[in-house]
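Reading through the structure tokens given below for one structure.
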Amino acid sequence: MTFQSILFKNPEDVKETVTVPGFFGDLNLDQIIDAITAGKDEYNLKPFFYTPLNDIDAIVYRQEIMQELEDETLFEQIKSFAQKIRTMREHLAQASKLHYKYQKERYFLDAVEIYCDAVNCLVDDLSLTELKSRGFLAFREYLTNYSQSEPFSSLLAETKKLQAELATVKYCLLIKGNRISVRKYEGEIDYGKEVEKTFERFRQGAVKDYRVEFSTWLDMNHIEAQILDLVTRLYPDIFLHLDNYCAENGNYLDETIAVFDREIQFYIAYLEYIAILKQKGLKFCYPQITNKCKEIYDYEGFDLALAYKLAREGATVVCNDFYLRGKERIFVVTGPNQGGKTTFARTFGQLHYLASLGCPVPGREAHLFLFDKLFTHFEKEENIKNLYGKLQDDLLRIHDILSQSTSNSIIIMNEIFTSTTLKDAVYLSRKVMEKIIQMDLLCVCVTFIDELAFLSEKIVSMVGTVVPENPAVRTYKIVRRPADGLAYALAIAEKYRLTYDWLMERIKL
Amino acid sequence: MKVFLMYKDRNFDLQQELPSNAQALIQDLALDTLFNAMACGDEFLFEVARKALLAGLNNDPDIIIYRQDILKDCLENPAIIRAIYDIAIESIEREKKNYLGIFSRYPAAILHRSLEVLQLFVEMLKKLRTIADEHAGKFRSEGFTAFFKMLNRELSDEYFAIIQKHLRELQFRGGVLISAELGKGNKGNNYILRKPLDKKQGWMERIFGPRPAVHTFSIAERDESGARALAELKDRGINLVANALAQSADHILAFFKTLRAELAFYIGCLNLHGRLSSIEESVCFPLPAVPGERRYSFKGLYDACLALTLGRKVVGNDVNADRKDLVIITGANQGGKSTFLRSIGLAQLMIQCGMFVPAEFFCASTCDGLFTHYKREEDVTMKSGKLDEELNRMSDIVDLITAHSMVLFNESFAATNEREGSEIARQIVGALLDKHIRVFFVTHLYEFAHSFYDKNMANALFLRAERQDDGSRTLKLIVGEPLQTSYGEDLYNSIFGTSCPSDSASNPACSSDNSLVMD
């Protein structure tokens, strides 16, 4: 197999989506993707994350690569490669900005040196690595052949030689009044060190740094240029060599390697993002993807966006399980406010979407469905003024969703019809649910209407739970249980976590 | 060159963060009175006293003894201590006065300024060494012995001579010689100041032997940007040496500042000692013990802040609470409970920072955290709001608490009815005890106090504010079972002047001083 792309198994599948999928906001996938791609703008990764795959083998192709990259050594090797290529780009950009000839030339030389080093290191690294994924195996073959090619070898040799020559340049300036003399360095000792040593004994700990920061302009002023000019006269051969080198090597960068450098960031970015969560003990797994069986499950899953936020604040993340068996298709989630219901719904959506990108998903073990379309309908707090108009909008939207759906779609609804009377809400919700039941599609429905949980054998009732002896404390656990509509009191000492039990836990000595 | 008069191996850090409950400690233990007595009107002494006392909670018995010995030396040689303190102050003042505001972005200016400051410091260091030469023999503590030895070793006449030579050479009369290499983009970098090979003949003049190629150019008279660029090159060359000199000046300044700060603590102790002697109160050096020994006993412990405020001797208490984790204090209002509790907290802080304590005898295990949870009179709003506030503060304490902490409660959790308050207090204290945290609790919550009394715990001690039969108080505490009254009627009687026997007989609990929050 000839290597084409590390992201797409079939060259003809290569596709990037520029627009954000409609459900991103509701599922907080926008937050997730923003965090994943933060600091990686130069790679323009979002189009990859906006493009779900619809072929199981294409997903598996990515899963293999991602799984392989979970090996810390390989991961660091690829990162180090990417960092080098990034530095190379910066050098080229700089070379084009500068003014004096010998500055431009030196930046170009450095850029090529970094590129050669990046290629060689990666070849070495990969040759020592036992690779299994189809993607990496093909890439290694390509890269190895390239590195052994004649053009690359001679480029490398020439670059090294020239750098070594330039490193030997060392000169002295004597500044007296307005005269400057330039000559080669002759081994004079460092006077600053001597002074420093004399006063060493007064050292008391950290003091202010009086070193003046000089402008770090990469440009030279005319005095510096004049000095460099005199230095080139001290070392004429070396600078002639540099001129010739630049004239000959303008077109050194390999296109396939450049594409790899961008695409591999898709994996790097995602793995870096979940690493923080893994560190907190949260689990990720590669889901089995199916487009036939709807007996899906995920154990110890969680909302990725929320977990990322909590992990950074040092708070604990609550995991939840779900499964569907036999005829079960729909989760109806009820329970206390702020009890994790919406989070559960988002988790369900996120898991399926991320799985369709070929990414590992939150959870210990997962079996997920390859959907054709994913729809969300989340209650928005705003525009609550025009109740009738809002209800109409809601219904239109749901009608829209249902008419676009197939039996392979997923629908996630969060607190719909809250703006109408209870009677209306019950009626409309029932109607919508009946449709969904009839279409046999996968659905999560978060609602305050307990009755919905008992509509059909396709429905599984999930309830947000509280600590039995203290209803004020949410567990954020969503469990399979008949909807029950508990009442919740508030105990003041509990609120401040000052009961005996709390203190024994809080005081960690 | 290190001072090390507060710790054997590090400086006293005046900038250190105080524990976040410091403000509560100051307020609850009336620490400002103590700081003022130590400061005698000097702001700096006040600040040092504040920092030393409030940041002393991590000191182990070794550090405490180290400081106690130094303090004993100070008490015997107060005049010498004050003379050294004055040298430190003069050095700092003159550095500030003469050279303030010369801060600059130019190494040449920094170099010039540093040379002048160093001249001044050399002069002051010589003075310091003279004192050391004369008086070192009078000091016995480990700290002072090492300090004087250090001065003698580090500040020899030869060393002063070397410094003078450098200060002369750094005028650069023969020009500045700098080496450089090619850096990023072939721009010169790694500029290093060099000492010319031959002092008498500059390298330009050496015409014998293989003559090195030298290229020279001058900046035109009117080329101002060229002159600036040249000055910058020169500045790059002397940047490091200017920095080294400026930092050396700062290091010596820091030495004087540390000397001033560390001595300021002992000067503060001398001041306090003077104040207490003048009202004929006695002090003693306490015996610190490690936390594991769970020592806590004293004789004649009095509240130094109260004595200083009243300007006369006050009543002291004797308690043996060795191997007790819980001390519950109950009894009459204005029977000296709060004063007693304050004297405990104050003494612990003084012990921890190496001071003497206001007592005849004191032996205590050190702690690493001291917390006060006092009923706050100010925001008496709604009942629930007040309990909220109290619990919130308690929760803050729990966040900070450490293994060898000590917590002083004063009338805590009384913002609700007695049963609820007792239950909250019982759970909190129960947990603290199970974590082996030392608790002193002044309370009117009878249910709470008695529930612990009934358990007959070996590690609990119960003290009671004593009352003479005629109603007049001794302000001394005795060991005894919690009683279900706090003699509030006494207070009532003393304020209203008339006895109200029916009231007190029928419902003594009502006369507790929590009446403000009763329904």
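The values are calculated or read from the model by the stated rules, or taken from the named source; none is laboratory data. Fair warning: this is a prediction, and the values are worked out from it, not measured in the lab. Neighbour counts run over all protein chains shown; Cβ positions are idealised from the backbone, glycine included. Surface areas here come from the heavy atoms of the whole protein model, side chains and all, with no ligands, DNA or RNA. Shrake-Rupley method; radii C 1.70, N 1.55, O 1.52, S 1.80 Å.
What to note about this one:
- Among the residues making up region A:276-294, those that are open to solvent by less than 80 Å² (accessible area, probe 1.4 Å) and more than 16 Å from A:GLY314 (Cβ to Cβ) are A:PHE284, A:CYS285, A:TYR286, A:PRO287, A:ILE289, A:THR290, A:ASN291, A:CYS293, A:LYS294.
- Scanning region A:256-268 turns up no residue that is assigned to a loop (DSSP other than H, G, I, E, B) and surrounded by 15 or more Cβ atoms within 10 Å (Cβ to Cβ).
- Meets criteria (modelled with pLDDT of 95 or more, more than 14 Å from chain B (Cβ to nearest Cβ) and either more than 26 Å from A:GLU224 (Cα to Cα) or not in a loop (DSSP other than H, G, I, E, B) (or both)) for A:GLU130: no
- Being among the aliphatic types (A, V, I, L, M), more than 7 Å from every other protein chain (Cβ to nearest Cβ) and in a loop (DSSP other than H, G, I, E, B) holds for only one residue in A:ALA138, A:ALA157, A:ALA164, A:ALA206, and it is A:ALA206.
- Tally of residues being at the interface with chain A (Cβ under 10 Å from one of its Cβ atoms) and open to solvent by 90 Å² or more (accessible area, probe 1.4 Å) across region B:166-201: 3
- Hits in region B:351-374 (condition: part of a loop (DSSP other than H, G, I, E, B) and of a type outside the set (D, E, K, R)): B:CYS353, B:GLY354, B:MET355, B:PHE356, B:PRO358, B:ALA359, B:THR366, B:CYS367
- Just so you know, in region B:237-257 the residues that are out of contact with any helix residue (DSSP H, G or I) (no Cβ under 8 Å at 6 or more places or on another chain) and within 7 Å of another protein chain (Cβ to nearest Cβ) include one that is surrounded by the most Cβ atoms within 10 Å (Cβ to Cβ), and it is B:GLN247.
- When residues in region A:304-322 are screened for being in contact with a strand residue (DSSP E or B) (Cβ under 9 Å, 6 or more places away or on another chain) and part of a helix (DSSP H, G or I), 2 of them pass.
- Of the numbered criteria (1) within 14 Å of another protein chain (Cβ to nearest Cβ); (2) among the aromatic types (Phe, Trp, Tyr); (3) under 30 Å from B:ASP73 (Cα atoms); (4) not in a helix (DSSP H, G or I), the one B:PHE217 fails is (3).
- Residue within region A:400-418 that is open to solvent by 10 Å² or more (accessible area, probe 1.4 Å), at pLDDT below 75 and assigned by TED's automatic domain parsing to the domain that holds A:VAL479 present: yes
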